[in-house]
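A short reminder: the numbers here are calculations on the coordinates, not readings from a lab. Predicted model only: the values in this text are computed from it and were never measured. Positions of Cβ are backbone-derived with ideal geometry, glycine not excepted, and every protein chain shown enters the neighbour counts.
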Amino acid sequence: MKAYRASLLSFAPDSESGPCAALEEDGLLVVGPDAAGRQRVLASGPYQLLKARFQGVPTEHLPGRIIAPGFIDMHNHFAQTNVIGSPADGLLPWLEHYTFPEEQRFSSAQYSAEAARFFLDELLRNGVTTALTFGTCSTESVEALFCAAQQRCMRLISGLCLMDRHAPAGVLNRAAPDGSRNACEQSLLDSEALLQRWHGKDRLGYAITPRFAPSCSDQQLRGAGELAQRYPEVWIQSHVAENRDEIAWARQLFPSSRSYLATYADAGLLRRRAVYAHCLHFDDQDRALLRSSGAVAAVCPTSNLFLGSGFFDYGAADRAGLQYGLASDVGGGTSFSPFHTMLAAYYVARESQGKAGRSLSPQQLWWQHTAGAARALGLDGVVGNLQPGCEADFVVLNPQATPLLARRSAQAGNLDELLFSMIVLGDDRLIERTVISQAQEALFTIDGP
Ligand code: GUN
Ligand code: ZN
């Protein structure tokens with residue numbers, strides 16, 4: 001058992017009615033192993049109230065620091081670290097000129113292992129402790145990512161990217177070496193084998209991962225849907241309605257579906273635990289379909305601004321009752337930092353040319369990247385918060401990390417002003433430490449600068 005004395009940021013556990021953040025100025029966070037040996041939050045609250053109960057427990061005092069839930073990145077690509085900041089005239093040329101050539105390199109287990117280590121360490125350095133991550137079309141890449149996440153005891157969900165057409169051969173799923181199965185059949189068998197090997201092992205989860213409808217044959221998309229039906233507890237991840245050229249292409253390839261999103265519904269790929277990145281160019285029928293299916297949206301503002309894809313419509317999403325959370329979408333997205341993502345989400349919501357603009361509150365932004373993202377992933381009460389029972393994944397924030405942040409945060413008169421100063425001015429320097437719940441007594445920590 002171990003305790004930390006610092007300011008504590010947490011969210012009301014039942015945040016159905018919207019985010020409700022609280023800051024305990026002088027708090028105590030107590031963590032310890034559960035019956036299975038995994039570190040969990042045992043208690044969190046005012047130091048003065050809890051100190052007698054936990055007398056004798058080794059306590060680390062962190063004056064001036066804020067302990068907050070580890071961030072959750074609802075959508076990113078581990079094979080795209082090297083393409084961040086590659087300029088292109090929109091999504092499809094960006095995929096063709098930068099992303100597909102880089103992803104081809106992940107047929108090498110060695111290349112994948114090095115990239116996986118860098119990617120996960122970069123997430124942790126930025127305070128991200130849970131991620132839903134695309135692999136590439138090679139099984140080697142997925143193995144490498146799960147192995148690296150397992151070593152770090154991270155809560156990571158990933159899967160083999162399904163893609164059997166419309167890209168260079170080197171980036172597509174491969175047929176069986178003996179020619180007994182085509183790429184579509186082999187990719188579905190490989191997905192099932194990876195799912196059985198990794199889903200539920202330690203803190204890992206599997207996601208059935210059709211890249212997007214234009215990259216999957218009808219047969220592959222329906223095969224993915226059948227797999228999803230046989231394994232209702234695994235996740236599904238894909239992209240939808242990101243870019244106007246992409247949408248026109250998807251409509252042309254699947255003319256019998258009512259909309260691009262409906263293509264996924266028709267293939268059996270809309271359900272609880274399905275996470276669709278972007279969801280920008282939706283009509284109200286799409287929103288109603290997403291909502292009624294139990295699927296959720298991963299909002300990727302830095303990516304949408306960088307690739308000029310469009311603006312997520314928060315007002316329409318809320319009116320439809322959609323669940324959503326924030327995501328970096330690295331490498332279409334420009335940063336691993338949740339602070340950059342939250343600030344970009346604020347800009348996107350404020351945009352008022354194509355929709356009504358609104359100011360998202362700092363509490364809402366932070367919630368969308370922690371407890372709200374956990375809820376959207378079906379992991380509320382597991383990660384994304386500091387209530388007793390949650391896995392002990394947290395960050396130690398130092399609001400003194402830069403001269404400007406120290407100056408601005410000192411002026412904050414309330415919680416929203418404090419959170420906003422960190423959202424607007426924060427980056428990896430603000431993350432002094434990232435602590436990951438482990439299956440052993442010692443917690444795995446990464447120390448910042
Ligand atoms: N649509 C299909 N593949 C991708 C990808 O890798 N990144 C983004 N942003 N959109 C996609
Ligand atoms: Zn993506």
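What to note about this one:
- Nearest 10 degrees, 0 to 90: helix 244-253 Cα axis against the chain principal axis: 40
- The chain: calculated mean residue ellipticity at 222 nm from DSSP helix runs of at least 4, using -39500 (n - 2.57): -10000 deg cm²/dmol
- Exposure proxy ranking, count of Cβ atoms within 10 Å, fewest first, for Glu391, Glu351: Glu351, Glu391
- In summary, the aspartates and glutamates within cross-link reach of Lys355, defined as a Cα separation below 19 angstrom excluding same-chain residues under 8 places away, comprise Glu242, Asp283, Asp284, Asp286, Asp313, Asp318.
- Once the Cα-Cα distance is subtracted from the 0.36 nm per residue extended length, the Gln229 to Asp245 segment shows a gain of 2.7 nm.
- Each of Asp284, Asp318, Asp202 was scored by other Cβ atoms within 10 Å of its Cβ. Listed from fewest to most, they are Asp284, Asp318, Asp202.
- Set of aspartates and glutamates near Lys51 by C-alpha distance (under 12 Å), chain-local residues within fewer than 8 positions excluded: Asp26
- Placing a label point 7 Å from the Cα of Asp447 along the Cα-to-Cβ line, the residues of region 38-78 whose backbone N sits under 16 Å from it are 60-63.
- Here the calculated FRET efficiency for Lys355 and Ala412, from their Cβ-Cβ distance with R0 = 22 Å, stands at 0.15, rounded to the nearest 0.05.
- Rounded to the nearest 10 degrees, the inclination of helix 218-230 to the longest alpha-carbon principal axis of the chain is 40 degrees.
- Here the ratio of the Cα radius of gyration of the chain to 2.2 N^0.38 Å is 0.95.
- Using a simple spin-label model with pseudo-atoms 7 Å out from Cα toward Cβ, Arg197 and Ala288 lie 4.4 nm apart.
- Highest-MSF residue in the chain out of Asn385, Asn414, Asn398 [GNM, Cα springs under 10 Å]: Asn414
- A simple packing score, the average count of other Cβ atoms within 10 Å per residue, orders the peptides 56-62, 337-343 as 337-343, 56-62, with the highest score first.
- DSSP beta bridge pairing in region 348-449, given as percent antiparallel to the nearest 5: 90
- Most mobile listed residue (Ala288, Ala149, Ala176) in the chain, GNM with C-alpha springs under 10 Å: Ala176
- 3J(HN,Hα) from dihedral phi, region 367-383, Karplus parametrisation 6.51/-1.76/1.60, rounded to Hz, x for glycine, proline: 4, 5, 9, 9, 5, x, 5, 4, 4, 5, 7, x, 10, 6, x, 9, 9
- Along principal axes, Cα extents of region 77-202, largest first, whole Å: 42, 40, 22
- Under 15 Å from the Cys147 label point (7 Å along Cα→beta-carbon), backbone N, region 185-211: 198
- Residue order, fewest to most beta carbons within 10 Å, for Tyr264, Tyr231, Tyr347, Tyr324: Tyr347, Tyr231, Tyr324, Tyr264
- For region 131-267, the fraction of alpha-carbon pairs in successive 5 Å shells from zero, as %: 2, 11, 21, 22, 19, 14, 8, 3, 1, 0
- Separation of the Arg272 and Val424 label points, Cα + 7 Å toward Cβ, nm: 4.1
- Choice from Ala169, Ala79, Ala401 with maximal GNM fluctuation in the chain (Cα, 10 Å cutoff): Ala169
- Sequence-ordered 3J(HN,Hα) estimates for region 208-215 from the Karplus curve with 6.51, -1.76 and 1.60 and θ = phi - 60° stand at 5, 10, x, 4, 6, 3, x, 9 Hz, glycine and proline given as x.
- The protection proxy used here, the mean number of other Cβ atoms lying within 10 Å of each residue, ranks peptides 219-226, 85-92 as follows, highest first: 219-226, 85-92.
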